[in-house]
Amino acid sequence: MTVYLDADRNVEDVSVARDWRGRVGVDGVADALFAAYTAALQAALEIAALHQLPADQDGARTPPALPAGTAAHDEVDEHLWLRRTWRTLRDIDADLERVARRPDVDVERQISSPRGCLTLRVRGGSIVAVTGDAGRIARLDAGQVQVEALSLFQSYALARSPNGS
């Protein structure tokens, strides 16, 4: 399974392999969907953080006292780049930790797919798990699993929107 996110980190599409039964099995669909979602979310966060890294040519400016091409200039450029890179990496780690950490909110809501095959567990506005009904999932083909998964995430996005309930 693969989950695709849009620029706002909402699920845009879900891809399910035709041989999903052989790869993840009926009992593994929910876990595979959640793993695909968290992988897509992590990748989106990493890409966003990488876009915040200053470009080498824009980031490091030469102090007037250090002529370009000297060992002192190169060392200052390297230290400046390293500081900015480490700061960005710390920001990425903080974002990933925040996403991975379960919110301390006691209220957990559940959102079910149209056929009730898949259920999102949402706590504190974040998806904390995907569960599935193996009996219902067993009756689906790859296209139906895809529709169920995509509908599930679309329902979650509607519930989160300011106009949603």
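A few comments on the model shown:
- Loop-located trypsin sites (Lys or Arg not before Pro) in the range 16-47 whose Cβ has at most 16 other Cβ within 10 Å (DSSP): R18
- Looking at the range 108-159, the trypsin sites (Lys or Arg not before Pro) that sit in a DSSP loop and have at most 11 other Cβ atoms within 10 Å of their own Cβ are R139.
- Area accessible to solvent at H79, 1.4 Å probe radius, in Å²: 90
- For the range 129-135, Karplus couplings with θ = phi - 60° (6.51, -1.76, 1.60), whole Hz, Gly/Pro x: 6, 10, 10, x, 9, 4, x
- With contacts taken as Cα pairs under 8 Å at a separation of at least 6 residues, the range 104-152 carries a relative contact order of 36 percent.
- Point-to-point label distance, H51-D6, nm (Cα→Cβ direction, 7 Å offset): 1.5
- Working from label points 7 Å from Cα in the Cα-to-Cβ sense, the A159 to R139 distance is 2.3 nm.
The values are calculated or read from the model by the stated rules, or taken from the named source; none is laboratory data. Given the structure is predicted, the values throughout are model-derived calculations rather than measurements. Please note: Cβ atoms are built from the backbone with ideal geometry, for glycine as well, and neighbour counts cover all protein chains shown. Accessible surface is based on the protein model in full, side chains and every heavy atom, while ligands, DNA and RNA are left aside. Shrake-Rupley method; radii C 1.70, N 1.55, O 1.52, S 1.80 Å.
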